[in-house]
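Worksheet: one structure, shown below.
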Amino acid sequence: STKSDLKEIANAGAEAMPQVTIAGLAAGGDLTSFGRAGIKKVTITIAKILEKTAIVRSALVGALSFRNGRIIRDIEYNLIPALEMKEEFQADAHEIATILRDLQSSLFDINESLQVLDDAERRVQQLIAKGDRLQREREIFRQRTSSIVQGYRTRDAAFRIFRNEKLERYKSLFDLAARYTYMAAKAYDYETGLLHTDQGQTFLSRIVNSRALGVVQDGEPQFAGSNTGDPGLSSVLAEMKGDWQVLRGRLGFNNPDEYGTTVSLRGERYRILPGDEGDTAWRDALEAGLKDNLLSDEDVRRYCMQIDNGSGLPVPGIVLEFSTTIADGKNLFGHALSPGDHAFSPTSFATKLYSLGVALEGYVGMDDPGANSSAVDFAGGSSPSTPSFNFMDPNGLAATPYIYLIPVGVDSMRSPPLGDTSVVRSWSIEDVTIPMPFNIGASDFSSKKLYQSTDSLTESLFGIRKHQAFRPVSNVDLLTRNLYGGIGGLTPSQFTNSRLIGRSVWNSKWKLVIPGRTLLSNPDEGLDRLVRTLKDIKLHLVTYSYSGN
């Protein structure tokens, strides 16, 4: 047993230690006795301990056996399935560990890639910062540039506004000068009849195409010296003036032929016999010209001054239309030349009106001057007025009627026969107004407060000049007498009208307008009386003609 073994070991150990004595001591002096005694004592102690330990061990063994039985039962019922599951977990864990090792082995690659990504992000941030800085610099540059450009633009806008205003004024005034020049050229053509050729049309085109004023010295347009380039408007005017100085004498403008001619509408225009046998036809012609409202006639409304009094009422009257011509074998009205007819010679390239009068023969109640009034007045005396009882006549009319005679067709003349041939030329004449340059009377048509070059004139440029009414006479002899006592030259009667001065006798359409309101307060009654009593209408033409050679 363990106890016996320990005793044997202790005795062996005690014997094994040698006895050592020290000479000279009384007891002999064994030095190893304490070691041997200690070994044995220790052995005895260990034996006792082992005995107690054996007791404890036996108790522990019993308890462990009991516990072991329980554990075996638990293992059979619980631990074995758990261990089996644990093995699966261990297999999965092993797999996970394998993956983790692979993952750990790729951490270096991932770390390297992350480092590359970080470097790339840093470079991106650097580029973004650089771009932001560049955009900010450009924004500042653009703001400064915009401010500078805005200043330039403002100054440029002001410059353009003022320049355009000046140019617009210049253009407007230049266009006005060009219009006046063109009108002067057309008037030159109307007077001379020389611009019908291709060269003449080119001359007119120069005015339209010109964009320069040319040279003007002391108010006189100067000849440019050459037609190359753009000689300007001044050269056109200078050329016309130069030719006119020669043409005044060559075409006979300084010595015209002067005539006074009286024509009858009844006999020469309508071909109605004089006397009672033609009265019915003459009345029919007058009644054919009756109008319930003269304002319905566009020509009358356009050319007759104040024909509409603004009352809104119709204006009854008579309108007689006729045309005139100048041709060989034709009378003034274009009919075959017959005994007693009047005509003008085509050998004069232009025959124009100086003044014109109308006689309403048969009119009852006309206030005519006395037969000897001109001689009495010339002698410094006075003639008593002729007594009148026209107010008692059932056919009596107003003493001072007024009529209109308006040319509404085209004027015709021949071109000057500088050689021995000429052509017939026609013009559509618009008698227009020339605006006042300053309007010192501040008339109502100058009401604009601000300067506008398009409206810089005091009124419209081409306003139609209408024809005023004038007084006829009851006897043509009053038109042929020189009531002013003039000697030589063209001296018109006090009853002729000079409104048509300069117009050609040859016109495609004339209109003689007799408003009824100037005959009686009842215009219809006045027109009826006039138709019953009127015997003839005669025109007295004071004319002047140019030979043109």
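List of remarks:
- The criterion of at least 2 residues that are among the small types (Gly, Ala, Ser) and free of Cβ contacts under 8 Å to residues at least 12 places away in the same chain is met by the following helices (runs of 4 or more DSSP H) wholly inside the range 184-299: 198-209, 279-288.
- When the range 335-346 is limited to residues that are at pLDDT below 95 and within 15 Å of residue 505 (Cβ to Cβ), the one that is most open to solvent (accessible area, probe 1.4 Å) turns out to be 345.
- Only one entry in 145, 192 is surrounded by 10 or more Cβ atoms within 10 Å (Cβ to Cβ) and closer than 30 Å to residue 425 by Cα, namely 192.
- Of residues in the range 347-361 being assigned to a loop (DSSP other than H, G, I, E, B) and crowded, with 17+ Cβ neighbours inside 10 Å, the one nearest to the chain's Cα centre (by Cα): 349
- Checked against (1) more than 24 Å from residue 188 (Cα to Cα); (2) touching an Asp or Glu at 6+ places or on another chain (Cβ under 9 Å), residue 269 passes all but condition (2).
- Among (1) part of a loop (DSSP other than H, G, I, E, B); (2) open to solvent by less than 50 Å² (accessible area, probe 1.4 Å), the one test that residue 527 misses: (1)
- A single entry from 457, 418 fulfils the requirement of being open to solvent by 70 Å² or more (accessible area, probe 1.4 Å), part of a loop (DSSP other than H, G, I, E, B) and either modelled with pLDDT under 65 or farther than 24 Å from residue 170 by Cα (or both): 418.
- Of the numbered criteria (1) at pLDDT below 95; (2) touching a Pro at 6+ places or on another chain (Cβ under 7 Å); (3) surrounded by 18 or more Cβ atoms within 10 Å (Cβ to Cβ), the one residue 328 fails is (3).
- Lone qualifier among 238, 224, 185 - being within 32 Å of the chain's Cα centre (by Cα), open to solvent by less than 90 Å² (accessible area, probe 1.4 Å) and of a type outside the set (Phe, Trp, Tyr): 185
- From the list 495, 462, the one residue that fits, being surrounded by fewer than 19 Cβ atoms within 10 Å (Cβ to Cβ), in contact with a strand residue (DSSP E or B) (Cβ under 6 Å, 6 or more places away or on another chain), assigned to a loop (DSSP other than H, G, I, E, B) and modelled with pLDDT under 90, is 462.
- Residue satisfying all of: in the range 429-445; open to solvent by less than 60 Å² (accessible area, probe 1.4 Å) and not hydrophobic (A, V, I, L, M, F, W, C); modelled with the highest pLDDT among these: 431
- Residue count, the range 195-220 (criterion: of a type outside the set (Gly, Ala, Ser) and open to solvent by less than 40 Å² (accessible area, probe 1.4 Å)): 4
- Any chance residue 536 is at pLDDT 95 or above, among the charged types (D, E, K, R), more than 23 Å from residue 344 (Cβ to Cβ) and surrounded by fewer than 19 Cβ atoms within 10 Å (Cβ to Cβ): no
The values are calculated or read from the model by the stated rules, or taken from the named source; none is laboratory data. In this text the structure is predicted, and so the values were computed from the model without any measurement. So basically every Cβ, Gly included, is an ideal-geometry build from the backbone, and we count neighbours across all protein chains shown. For accessibility, only protein heavy atoms count, side chains too; no ligands or nucleic acids. Shrake-Rupley method; radii C 1.70, N 1.55, O 1.52, S 1.80 Å.
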